[in-house]
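Note sheet for the following structure.
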Amino acid sequence: MSSKEVNLLSISCKQYFYKLKAYSFLVHSLIIVQLIALLFSMGGVFNMSSGNGELSVSVKSYNSNIVIVFSLLWIMFIAVQLISRPYKKMEFPLVTNRLSGNLSNIGFLVTGCLFGGITSSLVGVLLRLITYFMFDRSQVVFNRFFLSDLLLGIFVAILYMLLFSALGYFIGVLAQLNVSFVIIIPAVILGVLRVYNDFSQSVFKFFAFEVSLIMFVLKVIITSTILFSFSIFLSNRKEVSK
Amino acid sequence: MSTIQARDVTKSYGKIKAIDHLSFDIEENKITGLIGRNGAGKTTLLKMIAGYIRPTSGELMVHSRNPFNSLEVSAKTIFIDDNMTFSNSLTLKDILTEVSHFYTDWNSDLASGLFDYFSLNPKQPHSNLSKGTKSTFNNILGLASRCPLTIFDEPTTGMDSAVRKDFYKALLKDYIEYPRTIILSSHLLNELEEILEDILLINQGTKRLHLPAIELREFAVGIRGNTQVVLNLVEGKEILYREEFSKGSLYVVLKKELLRDQFEQVKQSNLEVVPVSTDDLCVYLTAKTNGGIEDVFKRS
Amino acid sequence: MILNNKSMKPIYVQIAEWLEVEILNDHIKEEERIFSQYQLADMFTINPSTAAKGLNILADENIVYKKRGLGMFVSPNAKHYILSKRRNQILGQMIEALVMEAKRLDVRESELIRMIQQARAESEEK
């Protein structure tokens, strides 16, 4: 009989590394999602044209916003998936309890956020390069490129992804508690967006209009932590039958 | 010392009781067979022991702890059944390597030895395996983990008989080398009876028998002969099974100890005493009526 | 009372009988170590506790004895004991059955003895 102490952290770590390998196909899916987003971006994100008979001006602006939006949706989808039954079932052969499973899932999501944040910003750079070579350069106006902007962009993208992953995970846990939540949650979200426009706007402003980077970091991290903690709390007492 | 202690354990799903006031102890380092028909509650019981689900009432202790959601119990327990799934990103060899990190007593020589013996393809993903091969692979995980409590739920599903025999042999050999508590569930007793030390027979969520496997062979006795003589002999005793062979001839099965004082009477009364095979006995003990399927065709 | 026990003989009894035959055939000699319960379990693919019960039958009859920490050993006069036991018990039972059957078939005593003698002579020739 093994007398070794069973340590929650070390087990969670082992599970984390296991999941990095076992769920590597999810990371591959991100690359596909980002390539699709890149294709969409090629058509220009924002079109504006005007003319007065003599002269017509048409402006297309290119940026990687679509890539970031797609990546956010991707991490949210992954987060919902991770807590679902097929993924729970893959934990069964391992040493596990609900807590270690949740911790390793969160670890996996954070890794996904890092990877997604970095790649989506880098895809933005790729988009720049493509436009640079594809179009007549005399007709293209480039914003100046700063490395510090890129790094800041990566950092903020990671934080947003973290926020969305925490939200997705929470929704996933609710959906596991009761199947009816699968219908109720999107309905509630849509309802809130339409009826309580002010509320949803203030939520949006709470994050998006924050000018202080430190405050933004704190807001995101605290919100994500609260969401993840609720998820852990709710899923901890639940039975998982195969 | 007991690895598992169950006291009045009940698990209900709505009004249906999958497990109904079950009490038993499973001692350390014994191989126990959990025998019961389909739907007897074997899997529900094993899932409670493994900590996946919680008893509705009663007390269940595994390694002296409540197994539900317990990391300590999980570290000492492995539950093998044909529902196990692995990611398609992992090949069979990957799975062996990855799972090995979790179990402190893992024996990789045994794992790779069995893997090669059963000629599994190391590059294949788990989901592509046929039913029998999947069982074989899962069982290799179970054996190699060398968990202090190893649970096999219907381990030989889909395996052909040669592989079954090899599996039981491998299990016994490794058990001799490294004794641990093993539970094997099955609806059939015959092919695994000889490697078992104890048998726990359950029916409709309740315990029918829990005794050493060697005592099961001598648990019951069958008596065949003239209906009237047989009825006289067994009057007032619990009959496990009865079957009318032809007019005036009756076959009954009852506990051997009920006849202890009447062996002389049996000898003189020209009755045939036949041993009851353990498989038949299990069927009789888990039947709803004591006339078996014959009853259905005898209504006229 | 007819006991139809051939196929249903408990495994531990079969183990004990097999070991007796091994001793009778000098495969395991007196004062030699006999198989352990684990060796027997491995050889016959049976649970070690079943094998132990087989060994215990022999120990109860003093055919084998325990040396502390060393295992089970064959007793000094085990062979002789097994022989006489088998003569008395097994042969006795068989002869009883033979006599009963002869009676049922109306075979007279002198004829039965003659048949036995003939069978012996035939086995001698082989």
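The values are calculated or read from the model by the stated rules, or taken from the named source; none is laboratory data. As the structure is a prediction and not an experimental result, all values here were calculated from the model. Neighbour counts run over all protein chains shown; Cβ positions are idealised from the backbone, glycine included. Keep in mind that these areas ignore ligands, DNA and RNA; they rest on the heavy atoms of the full protein, side chains included. Shrake-Rupley method; radii C 1.70, N 1.55, O 1.52, S 1.80 Å.
Does the range A:151-172 contain any residue that is more than 19 Å from the chain's Cα centre (by Cα), among the small types (Gly, Ala, Ser) and modelled with pLDDT of 75 or more? If you could, list the steps in order and put the result at the bottom.
Of the residues in the range A:151-172, the ones more than 19 Å from the chain's Cα centre (by Cα) are none.
No, that holds for no residue.
Within the range B:195-241, can you find the residues that are assigned to a loop (DSSP other than H, G, I, E, B) and within 11 Å of another protein chain (Cβ to nearest Cβ)?
Quick first cut of the range B:195-241, residues assigned to a loop (DSSP other than H, G, I, E, B) only: B:196-197, B:204-205, B:217-219, B:235-238.
Within the range B:195-241, B:Leu196, B:Glu197, B:Arg217, B:Glu218 qualify.
Select the helices (runs of 4 or more DSSP H) contained entirely in the range C:2-91, then report the ones holding at least 2 residues which are touching a helix residue (DSSP H, G or I) at 6+ places or on another chain (Cβ under 9 Å) and charged (D, E, K, R). Before you say what the answer is, go through the steps one by one.
Working: elements: C:11-24, C:37-44, C:48-60, C:78-86.
Here the list reads C:11-24, C:78-86.
Identify the residue in the range B:257-274 that is touching a Gly at 6+ places or on another chain (Cβ under 8 Å) and open to solvent by 40 Å² or more (accessible area, probe 1.4 Å) and, among all such residues, is modelled with the highest pLDDT. Show your work before the answer.
Initially, the range B:257-274 is screened for residues touching a Gly at 6+ places or on another chain (Cβ under 8 Å), giving B:269-274.
Filter once more, keeping what is open to solvent by 40 Å² or more (accessible area, probe 1.4 Å): B:270, B:272.
Values: B:Asn270: 74, B:Glu272: 81.
Among those that are touching a Gly at 6+ places or on another chain (Cβ under 8 Å) and open to solvent by 40 Å² or more (accessible area, probe 1.4 Å), it is B:Glu272.
In the range B:53-73, what count of residues is obtained for those that are at the interface with chain A (Cβ under 7 Å from one of its Cβ atoms) and either open to solvent by 20 Å² or more (accessible area, probe 1.4 Å) or more than 18 Å from A:Val95 (Cα to Cα) (or both)?
Matching residues across the range B:53-73 total 3.
Here's the yes/no breakdown for (1) open to solvent by 30 Å² or more (accessible area, probe 1.4 Å); (2) more than 12 Å from every other protein chain (Cβ to nearest Cβ):
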site: B:Ala144; (1), (2): no, no
site: B:Leu149; (1), (2): no, no
site: B:Ile183; (1), (2): no, yes
site: B:His187; (1), (2): yes, yes
site: B:Glu193; (1), (2): no, no
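Say we look at the range A:217-242 and pick out the residues that are within 10 Å of another protein chain (Cβ to nearest Cβ) and open to solvent by 40 Å² or more (accessible area, probe 1.4 Å); which of these is modelled with the highest pLDDT?
Filtering the range A:217-242 for residues that are within 10 Å of another protein chain (Cβ to nearest Cβ) and open to solvent by 40 Å² or more (accessible area, probe 1.4 Å), the one modelled with the highest pLDDT comes out as A:Asn236.
Any idea which of A:Leu39, A:Leu20, A:Leu26, A:Leu35 is modelled with pLDDT under 90, in a helix (DSSP H, G or I) and within 14 Å of chain B (Cβ to nearest Cβ)?
Working: A:Leu39 fails: within 14 Å of chain B (Cβ to nearest Cβ); A:Leu20 fails: modelled with pLDDT under 90; A:Leu35 fails: within 14 Å of chain B (Cβ to nearest Cβ).
It is A:Leu26.
The conditions are (1) open to solvent by 90 Å² or more (accessible area, probe 1.4 Å); (2) more than 28 Å from A:Ile31 (Cα to Cα), and A:Val188 fails exactly one of them. Which is it?
(1)
Pick from C:Tyr65, C:Tyr12, C:Tyr81: which is in contact with a Ser or Thr (Cβ under 6 Å, 6 or more places away or on another chain), surrounded by 14 or more Cβ atoms within 10 Å (Cβ to Cβ), more than 12 Å from chain B (Cβ to nearest Cβ) and of a type outside the set (Lys, Arg)? Full working, then the answer.
Working: C:Tyr12 fails: more than 12 Å from chain B (Cβ to nearest Cβ); C:Tyr81 fails: in contact with a Ser or Thr (Cβ under 6 Å, 6 or more places away or on another chain).
Selected residue: C:Tyr65, the only one of C:Tyr65, C:Tyr12, C:Tyr81 that is in contact with a Ser or Thr (Cβ under 6 Å, 6 or more places away or on another chain), surrounded by 14 or more Cβ atoms within 10 Å (Cβ to Cβ), more than 12 Å from chain B (Cβ to nearest Cβ) and of a type outside the set (Lys, Arg).
Quick one: B:Lys123 ticks every box in (1) within 14 Å of chain A (Cβ to nearest Cβ); (2) of a type in the set (Lys, Arg); (3) free of Cβ contacts under 8 Å to residues at least 60 places away in the same chain bar one, so which box is it?
(1)
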